[in-house]
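Notes follow once the structure below has been shown.
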Amino acid sequence: MDIEFNNSQPIYRQLRDRVVALILDGALKEGDPLPSVRNVAAEYRVNPLTVLKGYQELSGEGLVETMRGRGMFVKDGAKGLLLEAERKKFLEEEWPRVYATIERLGLSAKQLLAGQNGANGLGGMKEAR
């Protein structure tokens, strides 16, 4: 679990967000164990209670479950729940800003799709205008 901490939000929240990203990316699948609290705390030099708090958030959201004596595991259906929640969050919080930028720059759908092709697509955007 690679992570670089920043000052924009608490470390436990950044740990929680990293686990969410791992689930959404498929690196952690339903039924997979989470790295142990002790290992994460030692690897990133953070307090084990900080790691536990991040894991407890995931548990409270119904994404992971504790199996006594075995650790924490990604619950069945976690990816579906996350996709639904993250899509809703994107559409409500991020999309309005992205859409406003698209409008402000006068970009067409064709130009945006061409931009997905990397540098070649970006060159095409200039020509398409």
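The values are calculated or read from the model by the stated rules, or taken from the named source; none is laboratory data. Note that the coordinates shown come from a computational prediction; the quantities given were computed from them, not determined experimentally. Just so you know, the surface numbers come from the protein's heavy atoms only, side chains and all, with ligands and any DNA or RNA stripped out. Shrake-Rupley method; radii C 1.70, N 1.55, O 1.52, S 1.80 Å.
Rounded if a/c is under 1.5, else prolate if a/b beats b/c, else oblate: with a ≥ b ≥ c from the C-alpha gyration tensor eigenvalues square-rooted, which is the stretch 11-54? Please list the in-between numbers first.
Values: a/c = 2.37, a/b = 1.67, b/c = 1.42.
Because a/c hits 1.5 or more and a/b exceeds b/c, the stretch 11-54 counts as prolate.
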The stretch 44-88: C-alpha gyration tensor shape, a/c 1.5 cut-off, then a/b vs b/c: oblate
Full-extension gain in nm, Arg45 to Asp32, via 0.36 nm per residue minus C-alpha separation: 2.3 nm
Translational diffusion of the chain, µm² s⁻¹ [Kirkwood Rh, Cα pairs; Stokes-Einstein; 25 °C; 0.890 mPa s]: 143
Approximate shape of the stretch 44-119 as ellipsoid semi-axes (Cα gyration tensor, √5λ), whole Å, largest first: 38, 15, 13
The stretch 71-112: Rg to Rh, with Rh as the Kirkwood radius over Cα pairs: 1.27
Choice from Tyr12, Tyr99, Tyr44 with maximal GNM fluctuation in the chain (Cα, 10 Å cutoff): Tyr99
Largest-first ordering by accessible area, 1.4 Å probe, given options Arg16, Arg70: Arg70, Arg16
